[in-house]
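The values are calculated or read from the model by the stated rules, or taken from the named source; none is laboratory data. Model, not experiment: these values are computed from the prediction. Positions of Cβ are backbone-derived with ideal geometry, glycine not excepted, and every protein chain shown enters the neighbour counts.
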Amino acid sequence: MKIDIYEKAWIYAGTAIIVVFLGSMLFGAIVEAAQPPSHVETIDPTTARTDPRFANPGVVINSDGSATVIGLAQMFSFMPMEMRVPANRPVTFRLTSPDLIHGFEIVGTNGNAMVVPGYVTSFTTTFKPGSYLIVCNEYCGIGHHVMQGSLIAEDPSVAPEAGARVAPLGDGSTIAMGALMESSHTAMAHSTDAGHEMEAGAGMVTLMEVGR
Ligand SMILES: [Cu+2]
């Protein structure tokens, strides 16, 4: 059968594109350990803060040395703000949101998930020793840019003992407001444009009103 040279070229090009696309999916799944949502666990977002599964946000070290992080993503903070987990051991995150959709990205790792009200987001990963920044990568409102936390993966020998519960650092909303004020002051200090100053100031006042 005679196939035209141009038709042949397009057949090869089309096949190559499919191979590349499927290959990138396989690479993400196997090498980067991307985990698509595998289970659907629901929760009432209006009572998420008092639900027994999320009433005590923090890190729980399991008897096998792995860790479970119980966390809330909310306007505009993560609870707990700081998560200390053992390095090189499986860490399972269980997250939910009492208000709206947030992101939970552990910068520089494959920990990146959407936190959707009404559902429990769960994924497991491991960390090399170090400290990591956690950011919200789903725009959630006026304080979105200050919504951040930290994860510290430390050698299991210095990590909290089995059963130890690491309590959250104070009230998340207060911390979020402090962080926003701080960032607004920074914005004002660095801004030479009067318009930007107004904007940063206005944002601060709005959040304080929301927080009241
Ligand atoms: Cu956000």
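Go through the stretch 136-155 residue by residue and tally those that are surrounded by fewer than 18 Cβ atoms within 10 Å (Cβ to Cβ), of a type outside the set (D, E, K, R) and more than 11 Å from the ligand (Cβ to nearest atom).
2
Among the numbered criteria (1) free of Cβ contacts under 8 Å to residues at least 60 places away in the same chain; (2) over 13 Å from the mean Cα position of the chain (by Cα), which one does residue 62 miss?
Of (1) free of Cβ contacts under 8 Å to residues at least 60 places away in the same chain; (2) over 13 Å from the mean Cα position of the chain (by Cα), only one is false for residue 62: (1).
If you go through the stretch 90-112 one residue at a time, how many are outside any loop (DSSP other than H, G, I, E, B) and crowded, with 22+ Cβ neighbours inside 10 Å? Break it down into steps so the answer makes sense when it comes.
First, the residues of the stretch 90-112 that are outside any loop (DSSP other than H, G, I, E, B): 91-96, 102-106, 112.
Then keep just the ones that are crowded, with 22+ Cβ neighbours inside 10 Å; that gives 91, 93, 95-96, 102, 104, 106.
Here the count works out to 7.
Where residues in the stretch 126-135 are among the hydroxyl-bearing types (Ser, Thr, Tyr) and surrounded by 17 or more Cβ atoms within 10 Å (Cβ to Cβ), which of them is modelled with the lowest pLDDT? Please lay out each step first, then the result.
Looking only at the stretch 126-135, we keep the residues that are among the hydroxyl-bearing types (Ser, Thr, Tyr), and these are 126, 131-132.
Those left that are additionally surrounded by 17 or more Cβ atoms within 10 Å (Cβ to Cβ): 126, 132.
Values: 126: 91, 132: 94.
Step by step, filter the stretch 126-135, then rank; the result is 126.
Given the condition buried (at least 18 other Cβ atoms within 10 Å of the Cβ), in contact with a Gly (Cβ under 9 Å, 6 or more places away or on another chain) and part of a loop (DSSP other than H, G, I, E, B), answer yes or no: does some residue in the stretch 55-68 qualify?
yes
Does the stretch 114-127 hold any residues that are out of contact with any His (no Cβ under 9 Å at 6 or more places or on another chain), under 16 Å from residue 42 (Cα atoms) and in a strand (DSSP E or B), and which are they?
119, 121, 123
Among the numbered conditions (1) under 18 Å from the mean Cα position of the chain (by Cα); (2) modelled with pLDDT of 90 or more, tell me where residue 48 comes up short.
(2)
From the list 118, 71, exactly one residue is more than 10 Å from the ligand (Cβ to nearest atom), in contact with a Phe, Trp or Tyr (Cβ under 7 Å, 6 or more places away or on another chain) and modelled with pLDDT of 90 or more. Which is it? Can you show your working first?
Working: 118 fails: in contact with a Phe, Trp or Tyr (Cβ under 7 Å, 6 or more places away or on another chain).
On inspection, the qualifying residue turns out to be 71.
In the same structural domain as residue 139 (by TED's automatic domain parsing) and under 23 Å from residue 131 (Cα atoms), is that true of residue 69? Break it down into steps so the answer makes sense when it comes.
Working: in the same structural domain as residue 139 (by TED's automatic domain parsing): yes; under 23 Å from residue 131 (Cα atoms): yes.
For residue 69, the condition - in the same structural domain as residue 139 (by TED's automatic domain parsing) and under 23 Å from residue 131 (Cα atoms) - is met.
With out of contact with any helix residue (DSSP H, G or I) (no Cβ under 6 Å at 6 or more places or on another chain) and surrounded by 15 or more Cβ atoms within 10 Å (Cβ to Cβ) as the only criterion, which of 25, 1, 75, 79 stands out? Quick ask: steps written out before the conclusion?
Details: 25 fails: surrounded by 15 or more Cβ atoms within 10 Å (Cβ to Cβ); 1 fails: surrounded by 15 or more Cβ atoms within 10 Å (Cβ to Cβ); 79 fails: out of contact with any helix residue (DSSP H, G or I) (no Cβ under 6 Å at 6 or more places or on another chain).
Step by step, each of 25, 1, 75, 79 is checked, and only 75 is out of contact with any helix residue (DSSP H, G or I) (no Cβ under 6 Å at 6 or more places or on another chain) and surrounded by 15 or more Cβ atoms within 10 Å (Cβ to Cβ).
Per-residue answers, yes or no, for (1) among the acidic types (Asp, Glu); (2) within 16 Å of the ligand (Cβ to nearest atom); (3) touching a residue at least 40 places away in the same chain (Cβ under 8 Å):
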residue	(1), (2), (3)
12	no, no, no
26	no, no, no
44	yes, no, yes
92	no, no, no
95	no, yes, no
99	yes, yes, yes
106	no, yes, yes
110	no, no, yes
